[in-house]
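**Q** Next up is a structure, given as structure tokens.
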There are 2 protein chains.
Amino acid sequence: MTTLQNGHQKKPLDIIIVGGGLVGSLEALLLAKRGHRVRLYEYREDIRRTPHVRGRSINLSLSVRGRKALQSVGLEQHMIRDHGIPMVGRYIHKFDGSTYVIPYDARTNQCIYSVGRNYLNSLLLKESEKYGNVEKYFNHKLINADLQKGSLTFLKTQNKETVDVNADLIIGADGAYSAVRKAMMKQPLFDYSQKYIEHGYMELCIPPGEDGEFQMPSTYLHIWPRGNFMLIALPNQDRTWTVTLFMPFAMFNEINTDEKVLAFFGKYFADAIPLIGKKKLVEDFLGGSALPLVSVKCRPYNVKDKALLIGDAAHAVVPFYGQGMNSGFEDCTILDELFQKHNDDIAKILAEFSDTRWKDVFAISDLAMYNYIEMRDLVTRPSYLLRKSIDDFLFWLIPDLWVPLYNSVSFTNMPYSECVRNRQWQNKIFQIIIIFVGLWTFGGILYLSVR
Amino acid sequence: MTTLQNGHQKKPLDIIIVGGGLVGSLEALLLAKRGHRVRLYEYREDIRRTPHVRGRSINLSLSVRGRKALQSVGLEQHMIRDHGIPMVGRYIHKFDGSTYVIPYDARTNQCIYSVGRNYLNSLLLKESEKYGNVEKYFNHKLINADLQKGSLTFLKTQNKETVDVNADLIIGADGAYSAVRKAMMKQPLFDYSQKYIEHGYMELCIPPGEDGEFQMPSTYLHIWPRGNFMLIALPNQDRTWTVTLFMPFAMFNEINTDEKVLAFFGKYFADAIPLIGKKKLVEDFLGGSALPLVSVKCRPYNVKDKALLIGDAAHAVVPFYGQGMNSGFEDCTILDELFQKHNDDIAKILAEFSDTRWKDVFAISDLAMYNYIEMRDLVTRPSYLLRKSIDDFLFWLIPDLWVPLYNSVSFTNMPYSECVRNRQWQNKIFQIIIIFVGLWTFGGILYLSVR
């Protein structure tokens with residue numbers, strides 16, 4: 001018997017988390033804080049000992065939802081102050097080489113932060129060492145699961161032994177290709193969809209300049225929007241930039257020689273070539289391969305009171321709203337609130353999470369799909385810039401009433417589905433404004449012509 | 001070397017079909033006819049030796065697409081003449097006990113046929129005995145698949161031995177819960193969705209009358225539409241009716257005692273109780289359980305030139321358009337045409353099937369979802385009946401131009417996606433007609449009032 005965080009005398013729960021990535025290791029902290037026994041199983045080696053694995057994004061953008069979750073385990077200020085690079089807007093590189101800035105929040109200067117995946121993941125794992133009730137098992141691959149019974153079998157990837165384990169609750173935080181979710185698919189009435197977009201991505205790198213400093217203004221997310229494809233760059237602590245090219249697979253496949261790489265970049269991203277360096281560009285491009293982007297939706301997230309999916313395992317999204325990690329961290333916040341609300345009654349917690357969370361993660365999933373079009377294409381259009389400036393003006397004028405979509409998603413904790421409803425309501429007002437402006441103009445012309 | 005159907009001298013292909021259901025056994029015939037070696041593996045026992053398994057529909061409706069495929073293996077006339085019961089329209093049982101008929105095709109009296117699953121499946125399997133190049137393996141469960149290499153491992157369910165087999169081409173015709181598709185999900189860029197509707201179904205039975213004859217007019221599909229749920233009945237050769245109740249799971253769960261069953265049927269399907277018999281109704285209802293209905297979409301259907309999904313494995317649909325079997329049989333027809341067109345070049349055949357077939361099966365999948373609302377609710381509404389009679393009139397007037405949706409789906413071989421486009425075009429004309437009628441009426445009233 002233990003005195004839990006909420007003051008109640010209760011038997012601690014025995015909880016297994018599958019997946020020691022960002023969401024899994026944060027969830028371990030929150031559950032440990034509540035006094036439960038947590039065992040964390042991770043397929044890969046301890047990330048604190050591994051160099052970067054190509055294929056997982058190097059850096060991520062941290063915004064308000066993610067910050068709130070980090071705050072609840074006391075790590076927000078550390079991440080932001082010491083290990084996050086603020087990005088206050090989009091820095092657009094036009095086709096003709098000219099640039100302009102679109103601030104995220106001209107009114108109060110809120111920003112998102114570029115953070116390193118490895119650093120943040122390591123920090124969360126290290127933090128768990130402060131708790132006596134967290135055990136971590138790396139190099140453990142889930143090979144069998146009976147979720148109804150709460151029993152799992154892992155294969156130790158180093159010596160090929162298998163281990164059978166049981167728990168009161170199994171949390172699947174094992175990412176977009178989740179093994180726990182695969183087991184859940186055997187449940188009756190499990191809705192599931194996975195959709196690959198026709199675009200792939202490839203990461204490249206801009207090194208520091210000769211002075212050891214950033215080669216571009218560091219407080220922005222840089223975008224080279226080119227209609228059907230785009231290049232983006234996020235700053236890293238070591239003064240490098242992680243550059244990501246998003247483009248249809250068919251186009252990647254065609255660019256298969258040194259000359260073609262240079263011709264392609266020369267035509268579309270001429271200003272990026274000297275930053276990356278010709279030799280490195282060709283090497284990295286031809287040495288890598290374009291990787292797929294998948295969007296996953298499913299329902300329900302639980303198997304009775306025995307198993308639950310969170311993070312990418314429950315709702316992998318395309319990366320264009322910068323909300324993958326943030327929405328996963330928000331899952332942890334919501335779960336923590338439900339543990340409090342239902343006094344650790346797993347059946348109630350899991351049922352409420354599953355019944356309510358889907359509409360918000362479905363909403364951010366759809367928004368992320370849409371935002372790809374905005375980032376790679378719309379940001380260059382006058383109609384977009386006009387709407388953006390009117391949105392910003394109204395936000396300045398009536399900040400409590402008129403929060404633009406990007407701001408509500410990135411700088412508030414408003415449920416994602418409400419952000420979308422908000423935008424729909426704003427669109428209607430907008431249409432009315434346009435009709436009035438149209439009538440007023442028409443009336444003016446009429447008046448002038450008959451006068 | 002063999003002289004194939006198309007006259008070419010070619011090495012026959014070695015083809016494995018997984019699944020000996022309706023679609024698998026038909027496909028075996030078509031491939032055998034073309035001279036290829038076919039091995040058919042089925043998880044269950046030979047259906048010719050098994051009594052009915054509760055959970056698979058007893059009877060199905062056969063319409064033009066299915067008939068065309070049966071014709072190509074010489075079995076259409078036999079099925080229709082001797083073993084199909086024509087259904088010329090919907091026979092609606094209203095809440096108040098009164099009835100009315102909605103013909104499917106008042107113009108030329110085309111009909112769909114109620115056929116028995118077991119009989120048709122047995123017939124197709126028996127037919128394959130006429131070919132020396134079809135081998136059948138029952139009680140073989142697929143437990144492992146390397147689709148890239150075209151190799152499969154089966155478990156013999158009777159003696160637990162495993163068998164490894166290889167083929168030039170693997171065709172997955174193993175139904176909505178396909179094991180071949182499960183293996184295909186490991187391929188990169190495989191889009192997949194499974195969606196369960198909130199309604200389940202339960203099969204009941206109306207026996208023959210004391211005179212040994214049908215207790216209801218036999219040439220109709222009977223429907224008891226009740227808004228959010230419905231009962232339907234299809235006739236069988238033995239003068240019984242297979243009655244299916246479609247209803248939300250939540251409602252099924254509430255009806256859990258003799259009294260509740262009788263009260264529910266007494267309230268909503270009073271005229272069906274004496275037909276089924278009180279005792280049998282209660283026994284069957286409480287002895288059975290509601291089964292789920294799943295809709296599956298995926299893309300692509302092939303793995304290079306090695307594996308292909310057809311039928312429910314590729315596109316399980318909800319049963320409300322009566323097109324599950326028909327669309328699966330149409331897959332076989334299309335494949336046969338592609339074998340002819342591409343002269344047995346598997347790579348080309350599979351690529352074209354995969355690139356073109358999805359838009360039609362996605363269309364019928366959506367139509368089937370929609371038709372549930374039509375069957376259980378819209379058919380009772382005046383607006384539906386008005387539209388239906390205008391549709392029928394225009395079809396009678398200009399049969400080449402105006403084919404109503406149900407008719408194009410059930411009585412033509414027009415691609416499903418074109419049936420949908422057709423309907424959209426008709427809807428536009430309809431709106432224009434309504435506006436004109438509205439203006440004319442308004443003008444008439446105006447004229448009369450100022451006269």
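**Q** Relative contact order of the range B:324-440: what whole-number percent is it, with Cα pairs under 8 angstrom and at least 6 residues apart?
**A** Worked out over the range B:324-440, it gives 19 percent.
**Q** Oh, and also: Under a Cβ-only charge scheme (Lys and Arg +1, Asp and Glu -1), can you give me the dipole magnitude of the range A:169-209 about the Cα centre, in debye to the nearest 20?
**A** Result for the range A:169-209 is approximately 220 debye, rounded to the nearest 20.
**Q** If you average the alpha carbon positions of the range B:411-445 and of the range B:305-325, how far apart do those two centres end up, in angstrom?
**A** Each part reduced to its Cα centre gives a spacing of 31 Å.
**Q** Hey, what number do you get for the protein assembly as shown at 222 nm if only DSSP H runs of n ≥ 4 count, each worth -39500 (n - 2.57), divided across all residues, to the nearest 500?
**A** -12500 deg cm²/dmol
**Q** For the range A:294-451, what does the equivalent ellipsoid look like in terms of its semi-axes, each the square root of 5 times an eigenvalue of the Cα gyration tensor, given largest first in whole Å?
**A** Value: 42, 17, 12 Å, ordered largest first.
**Q** Continuing with the same structure: Can you tell me the orientation of helix B:22-33 relative to chain B, as the angle in degrees between its alpha-carbon axis and the longest Cα principal axis, to the nearest 10?
**A** On a 0 to 90 degree scale, this one is about 50.
**Q** Here's something else I'd like to know. Using Stokes-Einstein with the Kirkwood hydrodynamic radius over Cα pairs, what translational diffusion coefficient do you get for the protein assembly as shown at 25 °C and a viscosity of 0.890 mPa s, in µm²/s rounded to a whole number? Kindly include the intermediate steps, with their values, before the conclusion.
**A** Values: Rh = 31.6 Å.
Estimated via Stokes-Einstein, D reaches 78 µm²/s.
**Q** In addition: Ordered shortest first, which distances in nm separate the 7 Å Cα→C-beta label point of A:GLU418 from those of the other copies?
**A** Result for A:GLU418, in nm, nearest copy first: 5.1.
**Q** Still on this structure, please answer the following. Quick one: net charge around B:LYS182, please, counting Lys, Arg +1 and Asp, Glu -1 for every other residue with C-beta under 11 Å from its C-beta.
**A** Cβ neighbours under 11 Å give a net charge of +3.
**Q** Which angle between 0 and 90 degrees, to the nearest 10, do you get for helix A:324-341 versus the longest principal axis of chain A when only C-alpha atoms count?
**A** 50 degrees
**Q** Taking the Cα-to-Cβ direction at A:THR162 and at A:ARG44 and moving 7 Å from each Cα, how far apart do the two end points lie in nm?
**A** 2.6 nm
**Q** Taking the Cβ of A:TRP402 as the centre, find all other residues whose Cβ is under 10 Å away and add up their charges (Lys, Arg: +1; Asp, Glu: -1).
**A** -3
**Q** If you don't mind, there's one more thing I want to ask. Can you spot the lysines whose alpha carbon is less than 29 Å from A:LYS279's alpha carbon? Ignore those fewer than 8 places along the same chain.
**A** Qualifying lysines at Cα under 29 Å: A:LYS94, A:LYS260, A:LYS267.
**Q** Further question: What does the charge count near B:ASP392 come to, summing +1 for each Lys or Arg and -1 for each Asp or Glu among other residues with Cβ under 10 Å from its Cβ?
**A** Working: positive: B:ARG107, B:ARG387, B:LYS388; negative: B:ASP105, B:ASP391.
Charge balance in the 10 Å sphere: +1.
**Q** About its Cα centre, how strong a charge dipole does the range A:374-451 have in debye, to the nearest 20, once Lys and Arg get +1 and Asp and Glu get -1 at the Cβ?
**A** That gives the range A:374-451 a dipole magnitude of about 260 debye.
**Q** To the nearest 20 Debye, how big is the dipole of chain B about its Cα centre, given +1 on the beta carbon of each Lys and Arg and -1 on that of each Asp and Glu?
**A** 520 debye
**Q** Relative to the longest principal Cα axis of chain A, at what angle does helix A:258-268 sit, 0 to 90 degrees, rounded to 10?
**A** Here the helix axis deviates by roughly 60 degrees.
**Q** Something else about it: For chain A, what is the percent of antiparallel DSSP beta bridges, rounded to the nearest 5?
**A** Beta bridges within chain A, antiparallel portion: roughly 75 percent.
**Q** Next up: Just report the Cα centroid separation between the range A:219-252 and the range A:129-186, whole Å.
**A** 35 Å
**Q** One quarter of the convex hull surface, Cα atoms only: what value does that give for the range A:179-282 in nm²?
**A** Its Cα hull, projected and averaged over all orientations, spans 9.6 nm².
**Q** Seen from all sides and averaged, what is the projected area of the convex hull of the Cα atoms in the range B:381-450, in nm²?
**A** Here the figure is 5.8 nm², rounded to one decimal.
**Q** If the convex hull of the alpha-carbon atoms of chain B is projected onto planes in all directions, what is the mean projected area in square nanometres?
**A** If you wrap the Cα atoms of chain B in a convex hull and average its projections, you get 26.2 nm².
**Q** With contacts defined as alpha carbon pairs under 8 Å and 6 or more residues apart, what's the relative contact order of the range A:195-292 in percent? Present the calculation step by step, with values, prior to reporting the outcome.
**A** Details: 138 pairs, mean separation 34.6, N = 98.
Dividing the mean separation by the residue count of the range A:195-292 yields 35 percent.
We did not get these values from a lab; they are worked out from the coordinates using the rules stated. Computed from a predicted model, the values in this text were never measured in an experiment. FYI the Cβ positions are ideal-geometry reconstructions off the backbone, even for glycines, and counts take in every protein chain you see.
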